[in-house]
Amino acid sequence: MVLLFTNSVGQLHCRKCDGVESGETGSRQNVKQGECGSGNTRIKKGGNEKEVVDLRNLLISCAQSVAADDRRSANKLLKLVRQHSSPTGASSQRLAHVFASSLEARLGETGSKIRTSLASRRRSAAEELKAYQLYLSACPFRKMSIFLATEMIADLALKFHNKKLHVIDFGILYGFQWPILIQRLAELLPDGYPQLRITGIELPQSGFRPAEMIEETGRRLAKYCERFNVPFRYNALAVQKWESIKVEDLHIGNDEVIVVNCLSRLKNLLDETVVDDSPRDAALKLIRKINPNIFILNEVNGSYTSPFFFLRFREALKHYSSLFDMLEANVDGEDEERMNLEQEFFGREIMNVVACEGMERVERPETYKRWQARIARVGFKMLPLDQELMKKLRGKVKGKYHKDFTIDEDGQWMLQGWKGRILCGSSCWVPA
C-alpha cells in the first residue's frame, strides 16, 4: 500500500504500508468536537496494494497554498484531490469533491459568477420539498427546532386566544415550517381561532416578478388553513436589505399578538467586518422595534466567518465534515436526494464560503454565544426553556434517530449536534 500525505507547506510525500487486508474499505471516522475525522480514502489498486490518501490534509495544504497565492502547488494538490474524490463515493470523497470545486473557483476567480448562476437557478417547491423531507427523516435538527418554535407559539396563542396571531417570518422561503402550527392551532381551539396572519419576508427573485415565489408560498398556506378552518391572512415582502424594512411596512394591528421567527437566515446578513453599519445588528434592532411578544431564533453554530481565508476554510471543513459524515451514517449512498443535499445545498454554501469575499460572501454563521451577545445588546432577554418540552424533544431524538445525535442545553439555548460537535442552536427571547 502507498500512503500519500503532505507536510505543512503542501509538499507531497509517499510511504509504503503493509499488513492491510485486500478486502478492507474506507470507514467513517468519528467527528468529535473541534475535529473533522481523518478524511482517509483507501482505493484498491490491484493485488494487496492500496493507495491511502488523506483528503483532509490534502485540502488543508491546498488551502494554505491558495492563501499564499502559490498556484503551482495549489493546482498540483487539487489534481490529487480530484483523482481521489467523487460525488458518489464515501463521505470524505464527496466532501473533498465539493471543496475542490470551491477551491478551483477561488483560484479561477469565478466564485462570483458561479454564485450568480446558482442563485438564478430556480427549483420548484416540489423539488425543494423532496430534499427537505430527506433532511427531516435523516436528521432531527430542523424538526426539533420547528417543534420548539411551534410549541412556544401555540402556548402564546392559547394565552392570548382572543387576539389575532401575527407571525413575522424572516426568511420564509417555501413556508415549510408553518403547516404544523396551523394544525396545532386547529387542535388547540377547535371552535375557531380568531385569525392567523403571516408576513413572509424573503429575498427578491431575479426577473419581472421578484415576489412570485413567496406569493405562491402564501397561496399554499392559505389552502392549508382552509383545510383546517383557520382564518388566514398573508403579506409578502420581497426585500433585498432586510434591515431597511420599516415597522410601518408590517402593518401591525393593536389586536395582534406578535411573533418574530427566523430559522437559520440571519447568518446571511453582513456583519461589521464588511460594513461599519452592520446590517446584522440593524436587523436585530428592527426586530426590537417591532416589540414582539416573542422572538424565536434558530441558527447554525459555526465559526467560519473569519475574513482570513485559511482560518475560515479550516473551520468550514470541520463543520461540513460533520454534516457529510452524518448523512453517510443515516442515508443510503445511492439516494439521489442525498447527493442533491450534498452537492446542491451544502455545495452552494461551501462555494460561497470558500470562493467569495466581501459583500458577495453571505454565508457568515457565528457561534450561539456570539448571537446571544448581539441579541442582548439590542434589548432582549432570554426565556427559559420549558423542561417538560425539552424532555419530550430528547425522547424524540433518542427514540427515532441515530445514537450519535445530541440535544442539550446551555444558558437557555437548545443545542443540537452530531458526535459531540454543536451544529445549531435555538433560543426564545422577549423585550427586556
Segment 393-407, residues that are more than 18 Å from D325 (Cα to Cα) and exposed (fewer than 14 other Cβ atoms within 10 Å of the Cβ): G395, K398, G399, K400
If we take segment 151-247, then strands (runs of 3 or more DSSP E) inside it with 3 or more residues that are over 19 Å from N293 (Cβ atoms) are 232-238
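A quick yes/no check of all residues on (1) over 18 Å from E363 (Cα atoms); (2) open to solvent by less than 60 Å² (accessible area, probe 1.4 Å):
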residue	(1), (2)
V66	yes, yes
D69	yes, no
L78	yes, yes
S86	yes, yes
L103	no, yes
I114	no, yes
Only one of L189, L181 is open to solvent by less than 30 Å² (accessible area, probe 1.4 Å) and within 22 Å of E151 (Cα to Cα). Can you tell me which? L181
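Per-residue answers, yes or no, for (1) at pLDDT 95 or above; (2) on the phi > 0 side of the Ramachandran plot; (3) within 23 Å of the chain's Cα centre (by Cα):
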{"residue": "D191", "(1), (2), (3)": "no, no, no"}
{"residue": "P194", "(1), (2), (3)": "no, no, no"}
{"residue": "L221", "(1), (2), (3)": "yes, no, no"}
{"residue": "R233", "(1), (2), (3)": "yes, no, no"}
{"residue": "W242", "(1), (2), (3)": "yes, no, yes"}
{"residue": "E248", "(1), (2), (3)": "yes, no, no"}
{"residue": "I252", "(1), (2), (3)": "yes, no, no"}
Residue check for K130: farther than 30 Å from A63 by Cα and either open to solvent by less than 20 Å² (accessible area, probe 1.4 Å) or modelled with pLDDT of 95 or more (or both): no
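Conditions tested, residue by residue: (1) modelled with pLDDT under 95; (2) open to solvent by 10 Å² or more (accessible area, probe 1.4 Å).
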residue: I287; (1), (2): no, no
residue: N293; (1), (2): no, yes
residue: L297; (1), (2): no, no
residue: S303; (1), (2): yes, yes
residue: S306; (1), (2): yes, yes
Among (1) under 24 Å from V378 (Cα atoms); (2) of a type in the set (D, E); (3) within 19 Å of the chain's Cα centre (by Cα), there is one condition E272 misses while meeting the rest; what is its number? (3)
Taking the conditions exactly as written (under 27 Å from F160 (Cα atoms), crowded, with 17+ Cβ neighbours inside 10 Å and not hydrophobic (A, V, I, L, M, F, W, C)), does N261 satisfy them or not? yes
Helices (runs of 4 or more DSSP H) contained entirely in segment 331-393, each with at least 3 residues that are at pLDDT 95 or above: 347-355, 368-377
Could you pull out the residue among I146, I172, I182 that is in contact (Cβ under 8 Å) with a residue 24 or more places away in the chain, over 25 Å from L323 (Cβ atoms) and among the aliphatic types (A, V, I, L, M)? I182
Report, by residue number, each residue of segment 58-113 that is in contact (Cβ under 8 Å) with a residue 12 or more places away in the chain, farther than 26 Å from M359 by Cβ and in a loop (DSSP other than H, G, I, E, B). D70, S85, P87, T88, G89, A90
Matching residues in segment 135-150 - criterion: being more than 13 Å from N298 (Cβ to Cβ), open to solvent by less than 10 Å² (accessible area, probe 1.4 Å) and part of a helix (DSSP H, G or I): A138
For segment 410-424, enumerate the residues that are among the small types (G, A, S), crowded, with 16+ Cβ neighbours inside 10 Å and more than 18 Å from A138 (Cα to Cα). none
Return a yes/no flag: does segment 207-219 have any residue that is open to solvent by 60 Å² or more (accessible area, probe 1.4 Å), of a type in the set (S, T, N, Q) and touching a residue at least 12 places away in the same chain (Cβ under 8 Å). no
Output for segment 394-414, where each listed residue is in a strand (DSSP E or B) and within 14 Å of I296 (Cα to Cα): W413, M414
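The values are calculated or read from the model by the stated rules, or taken from the named source; none is laboratory data. Computed from a predicted model, the values in this text were never measured in an experiment. Cβ coordinates were reconstructed from backbone atoms using ideal geometry, including for glycine residues, and neighbour counts include every protein chain displayed. Ligands, DNA and RNA are stripped out before the accessible areas are found, and what is left, the full protein with its side chains, is counted by its heavy atoms. Shrake-Rupley method; radii C 1.70, N 1.55, O 1.52, S 1.80 Å.
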